[in-house]
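Chemist: Below is a structure I'd like to ask you about.
No value in this document is a laboratory result; all are computed from the given coordinates. Note that this is a predicted model, so its numbers are computed, not measured. Using ideal geometry, Cβ is built from the backbone for each residue, glycine included, and neighbour counts are taken over all protein chains shown.
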Amino acid sequence: MKELPALKKDWVVTQGAFDRLLTALDPERERAGAKYEQIRQKLLKFFQWRGCSFPAAEEYTDRTIDRVARKIEEGADIHAQNPYLYFHGIAINVLREHWKRAEKTEVEALDELLPSHNPAVNPVAVREAEEARVAREVRLECLSECVSSLPAAQRELIVEYHQGEGGAKIARRKALAQRLNLPLNALRIRMFRLRGELEECINGCSKRRKKV
C-alpha cells in the first residue's frame, strides 16, 4: 500500500503560545495541564476511531492543538466551560484534509490503471469512486456546519454522549444522565431526537450543495 505523505505543517507552536493555550484552558497551571492531557487523549481517540492509525493519529492530534494555539494567538476565545468543543471543530478540519489526501492517493492509483495503461479497467468505476469521494466530502462539511449551528449546550451534549468506547462509554452515559437528572432511557430518547435533527440538517445541506 502506498504510504500517504504527511500533511504540510503550517505553524510551529512557540513556548509563549503554548503557555497562552494552557492559560486559556485554566488560569491554574496544574488544572490546565490536566485539562490539556484530557483533551489530547480525546483527540487521539477521535482520529483513531475515524481510521487514522498510529502515528498519523498522534500527528493530527498535535496539528489540531497547534492550530488551536495559533487561533488563541490571533485572539480567539475557546470557551473555557468546555474547550474540547473548540478543539473538536478544528479536528474535523484536520480530518477532512487527511481524507482528501488519502482519496487523492487512491485516485492517483486508479489513474495508473486507466485504459491507457490497462484496458481491462472500466473508467466508470473510477468515475463512481470520485463521485463517492465528493459525496463523503460534502457530508463531512455539512456535519461540521450543522454541529456548529447547534446551541452550545446541545453541541456539548452530543460530543460527550459519543465519547469513549465499551464499558467506559456506558459509564460516561450513566454519569451524564445523573448530572442532567434524567433517567438513562430519557437521555437515549433525547439523543435519538437530536441525532435525527442533525441528520435532517446534514441531508438538507448536502442537497443544497449538490444543486450549486
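Chemist: With just the Cα atoms of the range 12-95, tell me how far they stretch along each of the three principal axes, in Å, largest first.
Modeler: Ordered largest first, the range 12-95 gives principal extents of 35, 23, 20 Å.
Chemist: Which whole-Hz couplings ³J(HN,Hα) result when phi for each residue of the range 21-35 is put into the Karplus expression 6.51 cos²θ - 1.76 cosθ + 1.60, θ = phi - 60°, listed in order with x for Gly and Pro?
Modeler: With coefficients 6.51, -1.76 and 1.60, one gets 4, 4, 4, 5, 6, 5, x, 7, 4, 5, 5, 4, x, 5, 5 Hz.
Chemist: Ok, one more. In the neighborhood of Asp26, defined by Cβ-to-Cβ distances under 14 Å, what is the net charge if each Lys or Arg adds +1 and each Asp or Glu adds -1?
Modeler: 0
Chemist: Also, I was wondering about something else. Listed highest first by mean packing, meaning other Cβ atoms within 10 Å per residue, what order do 86-92, 183-189, 197-203 come in?
Modeler: Per-residue mean Cβ counts within 10 Å order the peptides as 86-92, 197-203, 183-189.
Chemist: Another question, if that's okay. Taking the number of other C-beta atoms within 10 Å as the exposure measure, put Arg70, Arg127 in order starting with the fewest.
Modeler: Least crowded to most crowded, the residues run Arg127, Arg70.
Chemist: Separation between the Lys100 and Arg193 pseudo-spin-labels, each 7 Å from Cα along Cα→Cβ, expressed in nm?
Modeler: Result: 3.8 nm between the two label points.
Chemist: When the chain is fully extended, how far beyond the present Cα-Cα distance does Ala135 get from Phe18, taking 0.36 nm per residue of separation?
Modeler: Answer, rounded to one decimal: 38.4 nm.
Chemist: Still on this model: Between Arg31 and Arg127, what is the FRET efficiency for a Förster distance of 45 Å, r being their Cβ-Cβ separation, to the nearest 0.05?
Modeler: For Arg31 and Arg127, the calculated efficiency is 0.25.
Chemist: I'd like the distance between the alpha-carbon centres of the range 144-187 and the range 35-55, rounded to an integer number of Å.
Modeler: With the range 144-187 and the range 35-55 each reduced to a Cα centre, they are spaced 18 Å.
Chemist: Dipole of the range 12-95 (Lys/Arg Cβ +1, Asp/Glu Cβ -1, origin at the Cα centre): which of Ala57, Gln38, Leu22 lies farthest to the positive side?
Modeler: My answer, from the dipole projection, is Ala57.
Chemist: Another question, then. What pairs in Lys45/Lys71; Lys169/Lys210; Lys100/Lys207; Lys45/Lys100; Lys35/Lys207 have C-alpha atoms more than 30 Å from each other?
Modeler: The answer is Lys169/Lys210; Lys35/Lys207.
Chemist: Between Asn203 and Glu73, what is the label-point separation in nm under the 7 Å Cα-to-beta-carbon projection?
Modeler: Taking the simple label geometry, Glu73 and Asn203 are separated by 4.4 nm.
Chemist: What distance in nm lies between label points placed 7 Å from Cα along the C-beta direction at Gln154 and Glu58?
Modeler: About 3.9 nm, to one decimal.
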